[in-house]
Amino acid sequence: MLGLEHIFTGYDHILFVISLLFGAKTIKNILSLITAFTIAHSITLVLATLEIVQLPGRFVESAIALSIIYVVLINIFDKDAKHHPWLAFGFGLIHGFGFAGILSEIRLDGNHLATSLLSFNIGIELGQLLIVSLVFPTILWIKKLTLKHIKWVIPGTSVAILAFGLVCFIQRAF
């Protein structure tokens, strides 16, 4: 439940995934993006939770904000861009450290660490799957509409997400 709760209250992660979806062209593309993101953040979630690799929280949180900014800028300035799985993988590594930060605050019991880690990650994935299954069809529908004022929904949303990312970066970095 904590993984589900975190993904639905972690606006930065939701906005990053939505920004990836804006640049997805096909179901196959979105599956490759989400799979790459999932594999990457699962790797760093495990490494950070087991204290094999540690990064400063301020750096991680600032980098998560920058990942949002980067993807949104691609969406704004290259409307025909197709996001690649390596992009989702690279930024997924950073987001995994953010997920691990939540787990580190809980101070998991060593006897149940593997089960807790697995169930937290499954919760994150279920939440992410729900977000993708609701948002991606809506994005496809909006892209197919020909009404002039509807065509501004995705660029306008991208600008709003960019503003959020910039505010988050400034707050987290400084």
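The values are calculated or read from the model by the stated rules, or taken from the named source; none is laboratory data. Fair warning: this is a prediction, and the values are worked out from it, not measured in the lab. Positions of Cβ are generated from backbone atoms using ideal geometry, with glycine treated the same way; all protein chains shown enter the neighbour counts. Each accessible area value is taken on the protein alone, full model and side chains, heavy atoms only, with ligands, DNA and RNA left out. Shrake-Rupley method; radii C 1.70, N 1.55, O 1.52, S 1.80 Å.
Overview of values
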read-out	value
One residue from ILE76, ILE102 being open to solvent by 20 Å² or more (accessible area, probe 1.4 Å), of a type in the set (Val, Ile, Thr) and more than 24 Å from PRO155 (Cα to Cα)	ILE102
Scope the range 1-13; condition in a helix (DSSP H, G or I) and surrounded by 17 or more Cβ atoms within 10 Å (Cβ to Cβ); matching residues	GLY3, LEU4, HIS6, ILE7, ASP12, HIS13
Hits in the range 29-51 (condition: open to solvent by 70 Å² or more (accessible area, probe 1.4 Å) and either modelled with pLDDT under 90 or within 11 Å of the chain's Cα centre (by Cα) (or both))	LEU50, GLU51
Residues satisfying the stated conditions in the range 118-142, i.e. open to solvent by less than 30 Å² (accessible area, probe 1.4 Å) and within 14 Å of VAL17 (Cβ to Cβ)	ILE124, GLY127, GLN128, ILE131, VAL132, PHE136, ILE139
Cross-chain or 6+ apart pairs with Cβ under 8 Å, the range 14-39 first and assigned to a helix (DSSP H, G or I), then among the aromatic types (Phe, Trp, Tyr) and open to solvent by 30 Å² or more (accessible area, probe 1.4 Å)	ILE14/PHE8; LEU15/PHE164; PHE16/PHE91; ALA36/TRP86; ALA36/PHE89; PHE37/PHE89; PHE37/PHE91; ILE39/PHE89
Residues being among the β-branched types (Val, Ile, Thr) and open to solvent by 60 Å² or more (accessible area, probe 1.4 Å) - total across the range 18-28	2
Residue list for the range 42-87, filter: closer than 16 Å to LEU20 by Cβ and outside any helix (DSSP H, G or I)	ASP78, LYS79, ASP80, ALA81, LYS82, HIS83, HIS84
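So that you can scan it fast, the table gives a plain yes or no per residue for (1) within 17 Å of the chain's Cα centre (by Cα); (2) touching a residue at least 60 places away in the same chain (Cβ under 8 Å):
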{"residue": "VAL72", "(1), (2)": "yes, yes"}
{"residue": "PHE77", "(1), (2)": "no, no"}
{"residue": "TRP86", "(1), (2)": "yes, no"}
{"residue": "PHE89", "(1), (2)": "yes, no"}
{"residue": "GLU105", "(1), (2)": "no, no"}
{"residue": "THR115", "(1), (2)": "no, no"}
{"residue": "LYS144", "(1), (2)": "no, no"}
{"residue": "ALA160", "(1), (2)": "yes, no"}
{"residue": "PHE169", "(1), (2)": "yes, yes"}
